[in-house]
1. Of everything in the stretch A:61-93, what is closer than 23 Å to B:PRO43 by Cα and either in a loop (DSSP other than H, G, I, E, B) or at the interface with another protein chain (Cβ under 9 Å from one of its Cβ atoms) (or both)? Give them in sequence order.
2. Name the residue, out of B:LEU75, B:LEU102, that is within 11 Å of chain A (Cβ to nearest Cβ) and either surrounded by fewer than 19 Cβ atoms within 10 Å (Cβ to Cβ) or touching a residue at least 12 places away in the same chain (Cβ under 8 Å) (or both).
3. If you scan the stretch B:69-89, which residues turn out to be under 16 Å from B:GLY31 (Cβ atoms) and of a type outside the set (Ser, Thr, Tyr)?
4. Going through B:THR111, B:THR44, B:THR13 one at a time, which residue ends up being closer than 29 Å to A:SER54 by Cα and surrounded by fewer than 17 Cβ atoms within 10 Å (Cβ to Cβ)?
5. Please verify whether B:TYR48 is within 18 Å of B:GLY107 (Cβ to Cβ), away from chain A (no Cβ under 14 Å) and part of a strand (DSSP E or B), treating the condition exactly as stated.
6. Would a scan of the stretch B:31-40 turn up a residue that is among the polar types (S, T, N, Q), within 13 Å of chain A (Cβ to nearest Cβ) and touching a helix residue (DSSP H, G or I) at 6+ places or on another chain (Cβ under 9 Å)?
7. For residues that are aromatic (Phe, Trp, Tyr) and assigned to a strand (DSSP E or B), scanning just the stretch B:10-45, find the one that is farthest from B:VAL112 (Cα to Cα).
8. Going through the stretch A:17-46 one residue at a time, which ones are under 17 Å from A:VAL62 (Cβ atoms), among the hydrophobic types (A, V, I, L, M, F, W, C) and more than 8 Å from chain B (Cβ to nearest Cβ)?
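The values are calculated or read from the model by the stated rules, or taken from the named source; none is laboratory data. These numbers were taken from a predicted model, which means no experiment stands behind them. Cβ sites come from the backbone with ideal geometry, for glycine too, and all protein chains shown count toward neighbours.
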Amino acid sequence: GAVVSQHPSRVICKSGTSVKIECRSLDFQATTMFWYRQFPKKSLMLMATSNEGSKATYEQGVEKDKFLINHASLTLSTLTVTSAHPEDSSFYICSARDFSGGRQETQYFGPGTRLLVL
Amino acid sequence: GQNIDQPTEMTATEGAIVQINCTYQTSGFNGLFWYQQHAGEAPTFLSYNVLDGLEEKGRFSSFLSRSKGYSYLLLKELQMKDSASYLCAVRDDDRGSTLGRLYFGRGTQLTVWP
């Protein structure tokens, strides 16, 4: 099946620093990727839709200047948490939709990145 | 807005059958998904329904009624490893720059007892 990777899997940083998370589709091209965050024992909350070659579309209530998204190629999207604060600590998960080979029904999720801001 | 509702917790015994219900009210609809998520891990795809009816895949089956805004996931012959959170997700219409967004319910934590 399709594979999506994320890097890093875990990161600890100091308050005020910026953290970049990468999401890659390994065996298919993804014109659209999605970024979610998940708090403990809560469901996934969609943050933004990342579109290759154009600006990301953010969900209501998500600060676009706080969570910078760049989708520079068909296999890579990055999420940068700028000036991170402890309340940004969360599990960040990306997903990608594969439109090739008849698998377009499915979104494939990356393994997630656990961010802890001290 | 999007409203997706499913029970918070369920318990069952090994070998039994369990049905997890999901109701939804969304502005657009282009498919309903069920995912399984173990603690600390990313969700894994279980099933997809876009037309009314039952989709069967091994021990897992999923049902959809679009007119009722209702779906269920049926797990048969439960095993201990099935203890996980089960997420119902509705996909938005495939239009524009937010192609096929998924909106998730809060998940149902299933505990399987021996």
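1. Correct list: A:VAL62, A:LEU74, A:THR75, A:SER89, A:PHE91, A:ILE93.
2. Within the list B:LEU75, B:LEU102, the selection yields B:LEU102.
3. Matches in the stretch B:69-89: B:GLY69, B:LEU73, B:LEU87, B:CYS88, B:ALA89.
4. B:THR44
5. no
6. Yes: the stretch B:31-40 contains one or more residues that are among the polar types (S, T, N, Q), within 13 Å of chain A (Cβ to nearest Cβ) and touching a helix residue (DSSP H, G or I) at 6+ places or on another chain (Cβ under 9 Å).
7. Taking the candidates together, the pick is B:TYR24.
8. A:VAL19, A:ILE21, A:CYS23, A:MET33, A:TRP35, A:PHE39
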